[in-house]
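For reference, the structure is listed below as structure tokens.
The values are calculated or read from the model by the stated rules, or taken from the named source; none is laboratory data. It should be emphasised that the depicted structure is a prediction, and the values quoted were computed from it without experimental measurement. Note that we place each Cβ from the backbone using ideal geometry, even for glycine, and neighbour counts take in every protein chain shown. Areas reflect the complete protein model, heavy atoms only, side chains present, ligands, DNA and RNA absent. Shrake-Rupley method; radii C 1.70, N 1.55, O 1.52, S 1.80 Å.
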Amino acid sequence: MALKETIQSLLDQVDKMSASNMEELEALRIKYLSKKGEITSLFNEFRTVPSDQKRELGQMLNQLRQETENRINSMREKINDQMVNDQMVNDLTRTPDPIALGTRHPLSLVREEIVDIFSRIGFTVAEGPEVEDDRHVYGMLNFPPEHPARDMQDTFFVEKEIGVQKPTDVLLRSHTSSVQTRVMTTQKPPIRVLCPGRVYRNEAVSARAHCFFHQVEGLYIDKNVSYADLREALLYFSKEMFGADTKIRLRPSYFPFTEPSAEMDISCNICGGKGCSFCKGTGWVEILGCGMVDPNVLEACGIDSKVYSGYAFGMGVERITNLKYRVKDLRLFSENDVRFLRQFVSC
Ligand code: PHE
């Protein structure tokens with residue numbers, strides 16, 4: 001075959017060559033490019049080519065060698081990559097790719113901070129069911145049967161038969177005081193518990209209200225527990241949570257299960273009590289409800305109200321979180337938008 005045709009057919013061959021491992025690739029390299037390889041020997045033949053054809057054939061030969069080298073090099077890279085990859089997959093001891101860590105939910109961070117502060121003065125955590133019965137949520141807590149909180153407008157009732165709205169005493173708890181009734185009926189004083197958890201109220205969802213939110217309620221029952229003890233515990237909590245300069249004030253209020261009852265404000269942690277748009281110029285913001293456990297509640301739970309007294313308080317975790325982080329829209333807490341959630345770091 002004339003040199004030109006040989007070069008042409010080798011170009012075709014080189015174009016189609018393939019190798020699945022380094023050994024096959026080396027065999028190809030030897031076949032074409034080694035000292036005795038097919039392409040190398042064409043260079044020997046080239047010496048005998050008449051000088052008028054040297055230019056064209058020389059170019060073709062150089063191109064053939066270049067292309068062969070390029071093909072072999074790129075095949076080597078591919079095989080190498082594949083080998084590294086196989087090794088990585090099969091090597092169980094290799095360092096894993098880092099997994100991006102998420103961040104704690106702001107409500108979890110704040111709930112834990114509340115629990116942590118009260119645990120330092122002896123409170124332990126108690127938990128209870130979210131689907132409750134009327135007795136534990138209202139009955140034992142001194143709510144009269146016609147109390148509006150029981151009303152369909154406030155409480156989510158659970159249908160016993162799907163689609164049949166008969167009067168029912170199964171409901172979604174509207175406060176975690178239900179956990180306190182469960183603790184009081186199963187434990188003997190002294191009792192010092194915190195009840196964190198999710199609660200449900202039938203409210204239209206907006207920036208300021210939601211059909212569910214989170215509470216931490218507290219209960220302390222022992223001999224000689226006084227209103228002064230309640231005040232001290234809450235002052236301690238407020239200073240730990242919002243800073244040592246924080247002041248508190250207790251305003252008379254009403255809850256069926258406490259007597260006397262109060263609402264507690266803290267000095268506005270945004271303006272320091274001077275008055276701003278957040279505290280509506282008053283210098284105070286409300287953060288929780290509290291009071292001395294009504295003797296009727298103690299008796300309903302089997303605790304002798306002549307021997308024991310106690311205090312209780314309850315706060316919304318969302319409210320505390322808003323004060324700490326200035327979150328303006330409650331809905332953000334349950335929308336699971338990572339751009340919002342990523343902004344919170346452990347406090
Ligand atoms: N249970 C009340 C509520 O959900 C809060 C509270 C708890 C008030 C304990 C007083 C004492 O609004």
Taking a spot 7 Å from the Cα of Q87 along the direction of its beta carbon, which residues of the range 1-41 have an amide N less than 17 Å from it? 21-23
Order of 272-282, 323-333 by packing, highest average Cβ count within 10 Å first? 323-333, 272-282
Does the range 160-302 come out rounded, prolate or oblate, given a ≥ b ≥ c as the square roots of the eigenvalues of its C-alpha gyration tensor, rounded meaning a/c under 1.5 and, failing that, prolate meaning a/b above b/c? oblate
Run the dipole for the range 3-90 about the Cα centre, Lys and Arg Cβ at +1, Asp and Glu Cβ at -1, nothing else charged, and hand back the magnitude in debye, nearest 20. 360 debye
Per residue accessible area of the range 1-122, 1.4 Å probe, in Å²: 70 Å²
Rolling a 1.4 angstrom probe over the protein chains, ignoring ligands and nucleic acids, what is the accessible area of V84 in square angstrom, nearest 10? 80 Å²
Sorted by packing (mean other beta-carbon atoms within 10 Å per residue), highest first, where do 9-19, 170-180 land? 170-180, 9-19
Under-5 Å amide H pairs with V199, H placed in peptide plane, nonlocal only: F213, H214, Q215
Between D329 and R342, with labels modelled 7 Å along Cα→Cβ, what's the label distance in nm to one decimal, could you check? 1.9 nm
Go through Q343, Y227, C211 and say which Cα lies farthest out towards the positive end of the charge dipole of the chain; charges sit on Cβ, +1 for Lys and Arg, -1 for Asp and Glu. Q343
Could you estimate the translational diffusion coefficient of the chain from the Stokes-Einstein equation, with Rh from the Kirkwood formula over C-alpha pairs, at 25 °C and 0.890 mPa s, in whole µm²/s? 92 µm²/s
For the chain, give the magnitude of the charge dipole about the Cα centre (Cβ charges: +1 Lys/Arg, -1 Asp/Glu; no others), in debye to the nearest 20. 1000 debye
Using alpha carbon centroids, what distance separates the range 175-234 and the range 291-347, in Å? 7 Å
Can you give me the accessible area per residue for the range 296-347, using a 1.4 Å probe, in Å²? 54 Å²
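Among rounded, prolate and oblate, which fits the range 3-90 when a ≥ b ≥ c are the square roots of the eigenvalues of its C-alpha gyration tensor, a/c under 1.5 means rounded, and a/b larger than b/c means prolate? Could the numbers behind the result be given before it?
On the way: a/c = 3.54, a/b = 2.92, b/c = 1.21.
Note, shape of the range 3-90 comes out prolate.
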For a 22 Å ceiling on Cα separation, which of these pairs sit above it: K4/K78; K188/K247; K160/K188; K188/K223; K16/K78; K280/K328? K4/K78; K188/K247; K160/K188
Computed FRET efficiency, Cβ-Cβ of I162 and K78, R0 45 Å: what is it to the nearest 0.05? 0.15
Taking only protein heavy atoms into account and a 1.4 Å probe, give the accessible area per residue of the range 164-272 in Å². 47 Å²
Once R0 is set to 45 Å, what does the formula 1/(1 + (r/R0)^6) return for the Cβ-Cβ distance between R47 and M22, expressed as a FRET efficiency to the nearest 0.05? 0.85
Pop out the carbon and sulfur fraction of the accessible area of the range 265-309 as a percent, whole number, probe 1.4 Å. 51 percent
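Between A2 and T95, take the C-beta separation as r, use R0 = 51 Å, and let me know the FRET efficiency to the nearest 0.05. Mind dumping the intermediate values first?
On the way: r = 59 Å, r/R0 = 1.15.
Step by step, r from the Cβ atoms, then E = 0.30.
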Amide H contacts under 5 Å for T155, placed H, 5+ residues apart: N202
